[in-house]
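Visitor: This is the structure, below, for whatever I ask next.
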Amino acid sequence: MEKFFKLKENGTTVRTELLAGLTTFMTMAYIIALNPNLLTNFGADGGPALWNGVFMATCIASAFGMLFMAFLANKPFALAPGMGLNSFFAVVVTNIVGLTGMSYVESFQSALVIILIEGIVFILLSILNIREKIVEAIPLGVRLGISPAIGIMLMNIGLGSNAGVYSETGGPFFVMRDFFGALTPSVAQTSMGSGYSTMVLNVVTMFVGLFVIVILAKKGIRAAVLLGMLVASIVNWAGQFVLGGNPFAALEGASFVPPFADMMSTTFFKFSFSGFLEVGWFTAITLVVTFCMIDMFDTIGTLVGTASRAGMVDKEGNMPNMKEALLSDAIGTVAGACTGTSTVTTFVESASGVEAGGRTGLTALTTGALFLACMFIAPIAAIIPAAATSSALIYVGVLMLMGLKNVDFDDLDQMVPVTLMLIAMPISSSIGHGIGLALISYTVIKVFSGKAKDVSALTYVISALFLVKFFLVV
C-alpha cells in the first residue's frame with residue numbers, strides 16, 4: 001500500500017483511506033440506480049434489458065475510471081456518469097429517435113458514438129497537456145472561487161434537490177423551496193398532502209445527521225461524516241416504520257445476480273456509427289463540442305475545487321498530477337462509452353471523502369471496489385436514505401465556503417467573476433457553466449478597464465467558446 005499510494009508522505013493511513021472511500025461511496029451511491037433511470041426514462045424506453053445494461057455500465061465504467069485515478073494519478077477523486085450530462089444525453093437520444101425514426105435502443109447506441117469521440121478527444125488533449133494548460137489559463141481569482149462555489153452547489157443539492165417528496169398532490173417537493181420556502185406549515189401540509197410527513201422526516205434526518213457530523217468533527221473524529229450519515233439513516237429508517245412504511249422494501253425479492261447478458265446484448269461495444277451519421281454532420285459536430293465543453297469544465301472545476309479544500313494545490317492554485325487526473329477522467333469516459341453509459345466524470349461528492357481524510361488513490365480504489373460490488377448488492381445501496389446523504393453534502397459544502405477567505409473582495413476584477421460564479425453554479429447545476437460565466441465577466445472587465453493585456457490568449461479563446469455555447473448551441 002505504501003509503495004503504491006505513498007500514505008505516509010500524504011499524512012494518511014490505510015484505515016483513514018478506506019473510511020474515506022466508503023464515505024464517498026455512500027454520498028454518490030444514488031447514481032447507480034438513478035443513472036439508468038434517467039437514461040431509459042425509468043425503464044419506459046428501451047425496456048428492462050437496456051435498463052440493466054446501463055446499470056451494469058454505470059458500475060463497471062465508474063470503477064474502471066477510479067482504478068486509473070487510483071494508480072495513475074494517486075488522487076482520492078471518484079468518478080461516475082455525470083449528473084446533468086446524463087440528462088442531456090437522454091434528451092439527445094430522444095431527439096435522434098425523432099430525427100431518424102430509429103428505435104430508442106438504436107438511437108441510444110448511436111449517441112454512444114458521441115461519448116466515445118468525446119473521450120478519445122480528451123485522452124489526446126490530456127496527453128498533449130492541453131487540458132492542463134486550460135486549467136492554468138483560468139485566472140487565479142476565479143480558481144480560488146471555484147471551491148466555495150462548489151460548496152454552495154453541494155448545499156443546494158443537499159437542501160434543495162437531493163430528497164424530493166412525491167404525493168397524491170404532485171411533486172417533487174423540496175426542503176428549501178417547499179418546506180423552508182415561503183409556505184407556512186399549514187399551507188405546506190395542504191400543498192404536499194400525505195407527503196408532508198415524509199418531508200418532515202427528511203428535514204429531521206438531514207439536520208440530525210448534520211449536527212452529529214459537526215459535533216464529531218469538532219472532537220477530531222475522522223469518521224465523523226460516515227458516522228453522521230449512519231445516525232441519520234437509522235433516524236430515517238425508524239421514522240419510516242413509524243409512518244407505516246418499510247425502509248428495507250428494496251431488499252424483498254431483490255436479485256443479486258448481475259445482468260451481464262442484458263449489457264452484452266444492448267450496450268457493450270454496441271456503437272451504431274451509421275445511426276450517428278444519420279443526424280447530419282453539423283448536428284453531430286455540435287453535439288460532440290457541447291459534451292466536450294460541459295464535461296471539461298465540470299471536471300476541471302471539481303478537481304481544482306476539491307483539491308483546494310484538501311490542501312493539494314500550490315500557491316498558484318495548481319494541483320500536482322493534474323495531467324494524470326484529467327487522463328483518468330478521459331479514460332473513464334471511453335470506458336463508459338464502451339460499456340454503455342453517458343459521460344463519466346469526476347464527481348463533486350468526492351469532497352465528502354476528502355473531508356473524511358482521503359488523500360490518496362486508495363480512497364478512489366475503495367470507492368471503485370464498492371461500485372463493482374454493487375453489481376451484486378445494488379439493493380443494499382438503494383436503502384441508504386437520500387436525506388442522510390444530504391447531511392454530508394451540506395456539511396462539506398459549508399466547509400468549502402472557507403475558501404472565500406482567499407479571494408480578494410477589494411479587487412473588483414476578482415470579486416465580480418467570483419460572485420457571479422457563486423450564484424450561477426448552484427442555479428444552473430453546472431460547474432462548467434459557472435466557470436464559463438466567471439471567465440466571460442473577468443475578460444470583459446479587464447478589456448473595458450484598459451487591462452486587456454492581463455488576459456491570456458487562451459482565456460480569450462475559452463471565453464469566446466462559452467459565449468458561443470451559451471447563445472448559439474441548443
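The values are calculated or read from the model by the stated rules, or taken from the named source; none is laboratory data. These figures come from a predicted structure and were not determined experimentally. All Cβ positions, glycine included, derive from the backbone under ideal geometry; neighbour counts span all protein chains shown.
Visitor: For segment 218-225, check the following and say yes or no: at least one residue is over 20 Å from Ala29 (Cβ atoms), assigned to a helix (DSSP H, G or I) and either assigned by TED's automatic domain parsing to the domain that holds Ile157 or touching a helix residue (DSSP H, G or I) at 6+ places or on another chain (Cβ under 6 Å) (or both).
Guide: Yes, because at least one residue in segment 218-225 is over 20 Å from Ala29 (Cβ atoms), assigned to a helix (DSSP H, G or I) and either assigned by TED's automatic domain parsing to the domain that holds Ile157 or touching a helix residue (DSSP H, G or I) at 6+ places or on another chain (Cβ under 6 Å) (or both).
Visitor: I'd like the full set of residues that are loosely packed, with under 11 Cβ neighbours inside 10 Å and assigned to a loop (DSSP other than H, G, I, E, B), limited to segment 448-463.
Guide: Of everything in segment 448-463, just one residue is loosely packed, with under 11 Cβ neighbours inside 10 Å and assigned to a loop (DSSP other than H, G, I, E, B), namely Gly450.
Visitor: I've got another one for you. Suppose the filter is under 30 Å from Ile213 (Cβ atoms), surrounded by 16 or more Cβ atoms within 10 Å (Cβ to Cβ) and at pLDDT 85 or above; does Tyr442 pass it?
Guide: no
Visitor: Inspect segment 458-472 for any residue being over 28 Å from the mean Cα position of the chain (by Cα), among the small types (Gly, Ala, Ser) and under 30 Å from Ile285 (Cβ atoms) and give the result as yes or no.
Guide: no
Visitor: Do we find that Leu19 is over 30 Å from Ser265 (Cβ atoms), over 17 Å from the mean Cα position of the chain (by Cα) and not in a loop (DSSP other than H, G, I, E, B) in this structure?
Guide: Answer is yes for this residue.
Visitor: Only one of (1) of a type in the set (S, T, N, Q); (2) touching a strand residue (DSSP E or B) at 6+ places or on another chain (Cβ under 6 Å); (3) at pLDDT below 95 fails for Thr341. Which number is that?
Guide: (3)
Here is a yes/no grid of residues against (1) surrounded by 14 or more Cβ atoms within 10 Å (Cβ to Cβ); (2) aromatic (Phe, Trp, Tyr):
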residue: Leu154; (1), (2): yes, no
residue: Ala163; (1), (2): yes, no
residue: Ser167; (1), (2): yes, no
residue: Gly170; (1), (2): no, no
residue: Val175; (1), (2): yes, no
residue: Phe179; (1), (2): yes, yes
residue: Thr184; (1), (2): no, no
residue: Met192; (1), (2): yes, no
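Visitor: Just checking, does segment 109-119 include any residue being surrounded by 22 or more Cβ atoms within 10 Å (Cβ to Cβ), among the polar types (S, T, N, Q), more than 19 Å from the chain's Cα centre (by Cα) and over 30 Å from Met415 (Cα atoms)?
Guide: yes
Condition check ((1) within 15 Å of the chain's Cα centre (by Cα); (2) touching a residue at least 40 places away in the same chain (Cβ under 8 Å)) across all residues:
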| residue | (1), (2) |
| --- | --- |
| Leu303 | yes, yes |
| Arg309 | no, yes |
| Val313 | no, no |
| Glu316 | no, yes |
| Asn321 | no, yes |
| Ser328 | no, yes |
| Ile331 | no, yes |
| Val334 | no, yes |
| Gly340 | no, yes |
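Visitor: For Lys133, all conditions in the list (1) surrounded by 19 or more Cβ atoms within 10 Å (Cβ to Cβ); (2) within 25 Å of Ile440 (Cβ to Cβ) hold save one; what is the number of the exception?
Guide: So Lys133 meets the others, but not (1).
Visitor: Filter segment 241-268 down to the residues that are part of a loop (DSSP other than H, G, I, E, B) and in contact with a Ser or Thr (Cβ under 8 Å, 6 or more places away or on another chain), then identify the one that is surrounded by the most Cβ atoms within 10 Å (Cβ to Cβ).
Guide: By that ranking, first place goes to Thr267.
Visitor: Let me ask another. Read through the list (1) surrounded by 24 or more Cβ atoms within 10 Å (Cβ to Cβ); (2) of a type in the set (Val, Ile, Thr); (3) free of Cβ contacts under 8 Å to residues at least 40 places away in the same chain, then give the number of the only condition that Val416 fails.
Guide: Going through (1) surrounded by 24 or more Cβ atoms within 10 Å (Cβ to Cβ); (2) of a type in the set (Val, Ile, Thr); (3) free of Cβ contacts under 8 Å to residues at least 40 places away in the same chain one by one, Val416 breaks only (1).
Visitor: For Val334, indicate whether it is surrounded by fewer than 24 Cβ atoms within 10 Å (Cβ to Cβ), out of contact with any Cys (no Cβ under 7 Å at 6 or more places or on another chain) and within 24 Å of Gly84 (Cβ to Cβ).
Guide: So Val334 passes the test.
Visitor: So for segment 232-240 (the condition being among the small types (Gly, Ala, Ser), closer than 15 Å to Ile384 by Cα, in contact with a Gly (Cβ under 7 Å, 6 or more places away or on another chain) and surrounded by 19 or more Cβ atoms within 10 Å (Cβ to Cβ)), does at least one residue qualify? Write out each step before concluding.
Guide: Start the filter on segment 232-240 by keeping residues that are among the small types (Gly, Ala, Ser), which leaves 232-233, 238-239.
Retained after the next criterion (residues that are closer than 15 Å to Ile384 by Cα): 232-233, 238-239.
Narrowing the set further to residues that are in contact with a Gly (Cβ under 7 Å, 6 or more places away or on another chain) leaves 232.
Then keep just the ones that are surrounded by 19 or more Cβ atoms within 10 Å (Cβ to Cβ); that gives 232.
For segment 232-240, residues among the small types (Gly, Ala, Ser), closer than 15 Å to Ile384 by Cα, in contact with a Gly (Cβ under 7 Å, 6 or more places away or on another chain) and surrounded by 19 or more Cβ atoms within 10 Å (Cβ to Cβ): present.
Visitor: Just to be sure, is Thr267 of a type in the set (Val, Ile, Thr), closer than 30 Å to Ala73 by Cβ and either at pLDDT 90 or above or assigned by TED's automatic domain parsing to the domain that holds Ile123 (or both)?
Guide: Spelling it out, Thr267 is indeed of a type in the set (Val, Ile, Thr), closer than 30 Å to Ala73 by Cβ and either at pLDDT 90 or above or assigned by TED's automatic domain parsing to the domain that holds Ile123 (or both).
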